[in-house]
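Chemist: After the structure tokens below, expect a handful of questions from me.
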Amino acid sequence: MAATTITRTLVQKLPPLPEGAAKHRIFDDRLVGFIAEQRRTTVTFYFRYKDTRGRQHEVRLGRLGDVTVDQARRRAEQLKAEVSLGGDPAAEKAKLKAVPTVEEFVRDRYLPHVRERQRAAHNVEAYLRMRILPALGKKALDEVTPQDVAELRRGMVAEGLANGTVNRHLATLRAMFNQALKWELYQGRNPAASPGMLREQHRDKYLSPGETRALVKALDADKDETAAAVLALLIVTGARRGEVLNATWENVDLERCILTVPRSKSGRTRHIPLSPVAVAILRRQLAKRAIEPGNPHVFPSSRLPGRPVEGVRGAWARAKKAAGLPADLRIHDLRHSFASALANAGTPLNEIGTVLGHSQLSTTQRYAHHAPQRLIDTATVASRAWNLLASPPTTPSEAEKQNAA
């Protein structure tokens with residue numbers, strides 16, 4: 001291992017390697033740690049150093065032809081200065097190399113995490129598979145930029161996707177990078193922290209009291225009693241369709257009037273309060289359980305033993321038609337109608353959110369306009385406190401009338 005000054009002339013005039021030798025190293029006598037390694041067909045430059053724990057590392061600087069001797073020396077000088085200031089170039093390089101691509105992270109870490117915690121994991125999988133991974137999957141996590149996110153967003157808009165669908169993709173991307181940062185898989189910021197959410201126009205379709213009664217009457221007469229019971233329970237609880245379809249008797253407490261959802265859309269356990277009407281629906285289902293006592297589901301399938309009812313679309317279509325309701329009315333609109341009825345009755349928004357299982361009050365806020373008089377009364381409180389309201393006319397007392405006479 002010779003020590004000499006590594007120069008352009010030196011490396012150009014190196015003698016051939018001895019027979020049987022795979023390599024020959026030259027150590028620079030001017031810059032400690034600067035190395036030229038000769039092999040059969042090439043010369044490669046390295047910088048050797050020790051970290052703060054005394055462990056030895058080498059950083060590859062490049063091959064002759066890709067870099068010059070002077071360029072390799074300058075880079076070695078930069079790295080030596082970095083080490084003198086407490087840096088560890090090899091560790092930084094290894095850390096960058098360890099950053100997974102978006103595709104690797106999603107496959108190995110993120111999707112397993114989502115499947116464990118979210119009921120709507122299939123939606124997240126679809127958003128990732130169909131658009132996010134094709135656009136960003138090959139990039140390392142720390143290579144994705146806000147510009148990449150903006151380009152993805154523009155592509156989805158150009159594709160003609162609804163604003164809400166675009167926003168769900170962007171929210172998935174934001175949550176994914178937040179989790180990667182939480183797990184310290186890369187250093188930096190979330191490129192989707194402010195993805196430019198689009199304005200959503202919520203579909204406002206609610207049943208009036210008369211329409212609700214007509215629908216309940218139609219369900220009472222429907223030939224599919226189980227599917228009709230599912231829809232009736234949705235009307236009077238505001239629950240999500242999956243929460244009712246997959247309900248099991250072990251999670252029904254008719255004494256406390258509670259239906260427990262072990263894992264709601266948000267991934268948390270939630271408790272659905274049951275009104276007397278809802279309890280009556282469930283008691284009727286309980287009375288039918290003798291037909292298939294081994295089936296744990298509140299609404300059992302008539303075709304598949306031990307399984308819940310497959311769907312309620314047929315009963316829904318028949319009941320809508322019999323009740324004279326619009327054909328485009330969705331089952332999910334029953335949830336909106338339930339919330340609207342609560343708001344009209346003056347129920348505080350936080351209580352509505354609790355009953356519906358909303359994780360954020362902003363989700364419930366859309367029902368605020370269904371209680372205008374309550375909001376007007378609230379706004380009037382300040383004027384009354386300041387005595388700005390005109391006093392109502394008073395009726396003279398009997399004493400005042402006698403004094404006047």
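The values are calculated or read from the model by the stated rules, or taken from the named source; none is laboratory data. From a predicted model like this one, the values you see are computed outputs, not experimental measurements. Glycine gets a Cβ as well: all are built from the backbone with ideal geometry, and neighbour counts include every protein chain shown.
Chemist: If only one of Arg48, Arg25, Arg30 is outside any loop (DSSP other than H, G, I, E, B) and either touching a residue at least 24 places away in the same chain (Cβ under 8 Å) or of a type in the set (Gly, Ala, Ser) (or both), which one is it?
Modeler: Values: Arg48 fails: either touching a residue at least 24 places away in the same chain (Cβ under 8 Å) or of a type in the set (Gly, Ala, Ser) (or both); Arg30 fails: outside any loop (DSSP other than H, G, I, E, B).
Arg25 is the lone residue from the list that is outside any loop (DSSP other than H, G, I, E, B) and either touching a residue at least 24 places away in the same chain (Cβ under 8 Å) or of a type in the set (Gly, Ala, Ser) (or both).
Chemist: Also, quick follow-up: Say whether the condition of being polar (S, T, N, Q) and more than 46 Å from the chain's Cα centre (by Cα) is met by at least one residue in segment 26-39. If you could, list the steps in order and put the result at the bottom.
Modeler: At the first step, the residues of segment 26-39 found to be polar (S, T, N, Q) are 38.
Cutting the leftovers down to more than 46 Å from the chain's Cα centre (by Cα) gives us 38.
Yes, there is a match, as at least one residue in segment 26-39 is polar (S, T, N, Q) and more than 46 Å from the chain's Cα centre (by Cα).
Chemist: Give me the residue from segment 37-88 that is β-branched (Val, Ile, Thr) and over 27 Å from Ala21 (Cβ atoms) and, out of that set, surrounded by the most Cβ atoms within 10 Å (Cβ to Cβ).
Modeler: If we filter segment 37-88 for residues that are β-branched (Val, Ile, Thr), which is where we start, we get 41-44, 52, 59, 67-69, 83.
Then drop every residue that is not over 27 Å from Ala21 (Cβ atoms), which leaves 52, 83.
Working: Thr52: 9, Val83: 20.
The selected residue is Val83.
Chemist: Residue check, Ser208 against (1) polar (S, T, N, Q); (2) over 30 Å from Thr145 (Cβ atoms); (3) buried (at least 16 other Cβ atoms within 10 Å of the Cβ), all met but one. Which one?
Modeler: In the conditions (1) polar (S, T, N, Q); (2) over 30 Å from Thr145 (Cβ atoms); (3) buried (at least 16 other Cβ atoms within 10 Å of the Cβ), Ser208 misses (3) alone.
Chemist: Is there a residue in segment 121-130 that is touching a His at 6+ places or on another chain (Cβ under 8 Å) and outside the structural domain of Thr44 (by TED's automatic domain parsing)?
Modeler: Start the filter on segment 121-130 by keeping residues that are touching a His at 6+ places or on another chain (Cβ under 8 Å), which leaves 127.
This time we only want the ones that are outside the structural domain of Thr44 (by TED's automatic domain parsing), so: 127.
Yes: segment 121-130 contains one or more residues that are touching a His at 6+ places or on another chain (Cβ under 8 Å) and outside the structural domain of Thr44 (by TED's automatic domain parsing).
Chemist: Which residue pairs have Cβ atoms closer than 7 Å, lie 6 or more positions apart in sequence or on different chains, and pair a first residue in segment 53-74 that is outside the structural domain of Pro89 (by TED's automatic domain parsing) and within 10 Å of Arg8 (Cβ to Cβ) with a second residue that is outside any helix (DSSP H, G or I) and at pLDDT below 95?
Modeler: Matching pairs, first to second residue: none at all.
Chemist: Can you tell which of Arg268, Arg263 is surrounded by 14 or more Cβ atoms within 10 Å (Cβ to Cβ), touching a Ser or Thr at 6+ places or on another chain (Cβ under 8 Å) and in a loop (DSSP other than H, G, I, E, B)?
Modeler: Working: Arg268 fails: surrounded by 14 or more Cβ atoms within 10 Å (Cβ to Cβ).
Of the residues listed, the single one that is surrounded by 14 or more Cβ atoms within 10 Å (Cβ to Cβ), touching a Ser or Thr at 6+ places or on another chain (Cβ under 8 Å) and in a loop (DSSP other than H, G, I, E, B) is Arg263.
Chemist: Scan segment 288-313 residue by residue and report those that are outside any loop (DSSP other than H, G, I, E, B), loosely packed, with under 13 Cβ neighbours inside 10 Å and over 32 Å from the mean Cα position of the chain (by Cα). Step through it out loud before you land on a result.
Modeler: As a first pass, look at segment 288-313 and keep what is outside any loop (DSSP other than H, G, I, E, B): 289-291, 297, 300, 308, 313.
With the extra rule that they be loosely packed, with under 13 Cβ neighbours inside 10 Å, the set shrinks to 290-291, 313.
Those that are outside any loop (DSSP other than H, G, I, E, B), loosely packed, with under 13 Cβ neighbours inside 10 Å and over 32 Å from the mean Cα position of the chain (by Cα): Ala290, Ile291.
Chemist: Now, a different point. Quick check on my filter: what residues within segment 11-21 are without any contact (Cβ under 8 Å) to a residue 24 or more places away in the chain and not in a loop (DSSP other than H, G, I, E, B)?
Modeler: At the first step, the residues of segment 11-21 found to be without any contact (Cβ under 8 Å) to a residue 24 or more places away in the chain are 12-13, 15-21.
Scanning segment 11-21 gives a single hit, Gln12.
Chemist: Exactly one of these conditions fails for Gly210: (1) in contact (Cβ under 8 Å) with a residue 40 or more places away in the chain; (2) under 30 Å from Val309 (Cα atoms). Give me its number.
Modeler: (1)
Chemist: Test Gly86 against the criterion of being farther than 25 Å from Ser264 by Cα, at pLDDT below 95 and out of contact with any His (no Cβ under 9 Å at 6 or more places or on another chain), and give yes or no.
Modeler: Numbers: farther than 25 Å from Ser264 by Cα: yes; at pLDDT below 95: yes; out of contact with any His (no Cβ under 9 Å at 6 or more places or on another chain): yes.
So Gly86 passes the test.
Chemist: So is Lys93 surrounded by fewer than 17 Cβ atoms within 10 Å (Cβ to Cβ), part of a loop (DSSP other than H, G, I, E, B) and on the phi < 0 side of the Ramachandran plot or not?
Modeler: Numbers: surrounded by fewer than 17 Cβ atoms within 10 Å (Cβ to Cβ): yes; part of a loop (DSSP other than H, G, I, E, B): no; on the phi < 0 side of the Ramachandran plot: yes.
Answer is no for this residue.
Chemist: Which of the residues that make up segment 96-137 are over 23 Å from Val149 (Cα atoms), in contact (Cβ under 8 Å) with a residue 12 or more places away in the chain and among the basic types (Lys, Arg)?
Modeler: Within segment 96-137, Arg117, Arg119 meet the criteria.
Chemist: If I filter segment 179-194 for residues that are surrounded by fewer than 13 Cβ atoms within 10 Å (Cβ to Cβ), at pLDDT below 90 and in a helix (DSSP H, G or I), do I get at least one hit?
Modeler: No, there is no match, as no residue in segment 179-194 is surrounded by fewer than 13 Cβ atoms within 10 Å (Cβ to Cβ), at pLDDT below 90 and in a helix (DSSP H, G or I).
Chemist: Residue check, Asp108 against (1) at negative phi; (2) exposed (fewer than 14 other Cβ atoms within 10 Å of the Cβ); (3) not assigned by TED's automatic domain parsing to the domain that holds Asp142, all met but one. Which one?
Modeler: (3)
Chemist: Taking Ile235 as meeting all but one of (1) touching a residue at least 24 places away in the same chain (Cβ under 8 Å); (2) in contact with a helix residue (DSSP H, G or I) (Cβ under 8 Å, 6 or more places away or on another chain); (3) surrounded by fewer than 17 Cβ atoms within 10 Å (Cβ to Cβ), write down the number of the exception.
Modeler: For Ile235, the exception is condition (3).
Chemist: Also, I was wondering about something else. Does at least one position in segment 144-167 carry a residue that is of a type in the set (S, T, N, Q), within 30 Å of Arg335 (Cα to Cα) and free of Cβ contacts under 8 Å to residues at least 24 places away in the same chain? Give the steps one after another, and end with the answer.
Modeler: Taking segment 144-167 and keeping what is of a type in the set (S, T, N, Q), we get 145, 147, 163, 165, 167.
From the residues that got through so far, the ones that are within 30 Å of Arg335 (Cα to Cα) too are 163, 165, 167.
Checking the rest, the ones that are also free of Cβ contacts under 8 Å to residues at least 24 places away in the same chain come to 165.
Yes, because at least one residue in segment 144-167 is of a type in the set (S, T, N, Q), within 30 Å of Arg335 (Cα to Cα) and free of Cβ contacts under 8 Å to residues at least 24 places away in the same chain.
Chemist: Another question about this same structure. What number of residues in segment 147-160 are among the aliphatic types (A, V, I, L, M), surrounded by fewer than 17 Cβ atoms within 10 Å (Cβ to Cβ) and farther than 12 Å from Pro191 by Cβ? Lay out the reasoning, then the answer.
Modeler: Restricting attention to segment 147-160, the residues satisfying the condition of being among the aliphatic types (A, V, I, L, M) are 149-150, 152, 156-158.
Those still in the list that are surrounded by fewer than 17 Cβ atoms within 10 Å (Cβ to Cβ) too: 150, 157-158.
In the following step, the residues that additionally are farther than 12 Å from Pro191 by Cβ were identified as 157-158.
Matching residues across segment 147-160 total 2.
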